[in-house]
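J.: The following block contains the structure, expressed as C-alpha cells.
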Amino acid sequence: MSSTATTVARPTRKPPTATPRLRPPRRNTSRRSKRSILLTALTGIVLLYSLLPLLWLLISATKTQQGLARSFGLWFDGDFALWDNIVETFTYNDGVFGRWLLNTALYVVVGAGGATFLAVLGGYALAKFDFPGKRAVFAVVIGAVAVPGTALAVPTFLMFSKMGLTDTPWAVIIPSLISPFGLYLMWVFATEAIPGELMEAARIDGASELRTFFQVALPLLAPGTVTVLLFTTVATWNNYFLPLIMLKDPDWYPLTLGLDSWNKQAATAGGEAVFNLVVTGSLLTIAPLIAAFLLLQKYWQSGLAAGSVKE
C-alpha cells in the first residue's frame, strides 16, 4: 500500500518594506499661512488704495462749498447737501452740465459703439479668412497697439484742421472709431470661439457670408464683444486730451473737459469757485461706468478668460 506524500506550500515572507517618510505638515502649513497673510495684506492695501479716492469723492459730494474747506476730507460735514449739489450741478450756468452729459453719451454711442462693431467685423475676418498680406496686417495691428493715442493727437488735429472738421463732434467721433486693441482682442477671441465646422455647415445649408456672420458667429462673439465695448466705452467716456485740442465751443464739450473748465474758474479774474459742483459732477460722471461694469461683469470676465485654456 503506497502512501502519497503531500507537501504543504509555506507562505513566503516578503521582506519588510521601509515606510516612506512623510514631511512634517507643520512647515507647509506655516508657510502657507504666512503666504496667505501676506497676500491678504497686499490685497487689502490695493483695495484701500482703489476705494479711498472713491470714498473721498462720495463724502465730498455731500458738502457745500464752505464745508469742503472747513471739514476733514474723509468725514462728513454738518450740512448734508448731496441733493442740493446734484440739483445745482444740473441747473448751474443754464444747465450746461446736461448738455455735456448728452455730448458724452453721443460720443460713446457713436464712437465706442462704432469702434466695437468695426473691431468685431475686422477680428472675425482676420481670424476666419485667409488672404494675401495677413501677416502684414497683424504687424500693423500690433504696432498700432503699441503707439499711444497722445502721440497721434497732433497729426490728427492737423489733418482734421485741413478738412475743416475741428470744433465739430466729428473731430472726436471719427478718431474714436479706431481701436487697435479691440481689433486684436476680437481677433484672438474669434479664433477660438467660432468652430470652423460650424461655419462650413452654415455654408452648406446655403447661408451667405453676411447671414453666417450675423446669425452664427455674432452670438458666439457676445462675451468678447461686451469686453471690447466696455474698454472702448471707458476710453471714450474718459477721453480728455483729444477733445481738448479739437474743440473750442463749450457747447460740444464732453464731461471731462466741461468739469475741467469749472475747476479752472477759480483761477480766472472774477471767476466763481464751484468746487462742490466739480466734485458732485465727477461723482455723477463715474456712476454710469460703475453701473455698466456691474451689469456686464459676467460677460466681461468670460471674455477676458476666453482662449486662455486650449483643449
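The values are calculated or read from the model by the stated rules, or taken from the named source; none is laboratory data. The structure displayed is predicted, hence computed values, not measured ones. Because the Cβ atoms are built from the backbone with ideal geometry, glycine has one as well, and the counts that use them run over all protein chains shown. For the accessible areas, the whole protein counts, side chains as well, though only heavy atoms, and no ligand, DNA or RNA atoms are used. Shrake-Rupley method; radii C 1.70, N 1.55, O 1.52, S 1.80 Å.
J.: What pairs can you find where one residue is in the range 202-231 and closer than 15 Å to Phe117 by Cα, the other is open to solvent by 60 Å² or more (accessible area, probe 1.4 Å) and among the hydrophobic types (A, V, I, L, M, F, W, C), and their Cβ atoms are less than 7 Å apart, with a gap of 6+ or different chains?
T.: What qualifies is Val226/Trp300; Thr227/Trp300; Thr227/Leu304; Leu230/Phe293; Leu230/Trp300; Phe231/Phe181.
J.: Let me ask you something else. Please go through the range 160-179 and give me each residue that is under 23 Å from Val140 (Cα atoms) and of a type outside the set (A, V, I, L, M, F, W, C), ordered by number.
T.: Pro175, Ser176, Ser179 - these are the residues of the range 160-179 that are under 23 Å from Val140 (Cα atoms) and of a type outside the set (A, V, I, L, M, F, W, C).
J.: Yes or no: Gly98 among the small types (Gly, Ala, Ser), open to solvent by less than 30 Å² (accessible area, probe 1.4 Å) and closer than 30 Å to Leu221 by Cβ?
T.: Here the answer is no, as Gly98 does not meet what is asked.
J.: Looking at the range 203-254 only, could you name the residues that are surrounded by 20 or more Cβ atoms within 10 Å (Cβ to Cβ) and outside any helix (DSSP H, G or I)?
T.: Residues satisfying the conditions are Leu221, Asn239, Leu247, Tyr253, Pro254.
J.: Given the criterion under 20 Å from Leu255 (Cα atoms) and not in a helix (DSSP H, G or I), identify the matching residue among Asn103, Asn93.
T.: Going through Asn103, Asn93 in turn, the sole match is Asn93.
J.: Next up: Among the numbered criteria (1) at pLDDT below 90; (2) assigned to a helix (DSSP H, G or I); (3) loosely packed, with under 13 Cβ neighbours inside 10 Å, which single criterion is violated by Ala292?
T.: Tallying (1) at pLDDT below 90; (2) assigned to a helix (DSSP H, G or I); (3) loosely packed, with under 13 Cβ neighbours inside 10 Å, Ala292 fails exactly one: (3).
Quick grid of which residues meet (1) open to solvent by less than 90 Å² (accessible area, probe 1.4 Å); (2) modelled with pLDDT of 90 or more; (3) of a type outside the set (S, T, N, Q):
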| site | (1), (2), (3) |
| --- | --- |
| Ser50 | yes, no, no |
| Leu57 | yes, yes, yes |
| Ala61 | yes, yes, yes |
| Thr64 | yes, no, no |
| Leu74 | yes, no, yes |
| Gly78 | yes, no, yes |
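J.: Hey, another quick one. Could you give every pair whose Cβ atoms fall below 6 Å, whose first residue belongs to the range 176-188 and is more than 8 Å from Val228 (Cα to Cα) and in contact (Cβ under 8 Å) with a residue 40 or more places away in the chain, and whose second residue is small (Gly, Ala, Ser) and in a loop (DSSP other than H, G, I, E, B), counting only separations of at least 6 or pairs across chains?
T.: Val188/Gly307
J.: Let me ask another. What is the number of the single condition among (1) touching a residue at least 40 places away in the same chain (Cβ under 8 Å); (2) under 30 Å from Ile245 (Cα atoms); (3) exposed (fewer than 13 other Cβ atoms within 10 Å of the Cβ) that Gly196 does not meet?
T.: (2)
J.: Suppose we filter Ala171, Ala125 for residues that are in a helix (DSSP H, G or I) and under 30 Å from Leu198 (Cα atoms); which single one remains?
T.: Result of the check over Ala171, Ala125: Ala125.
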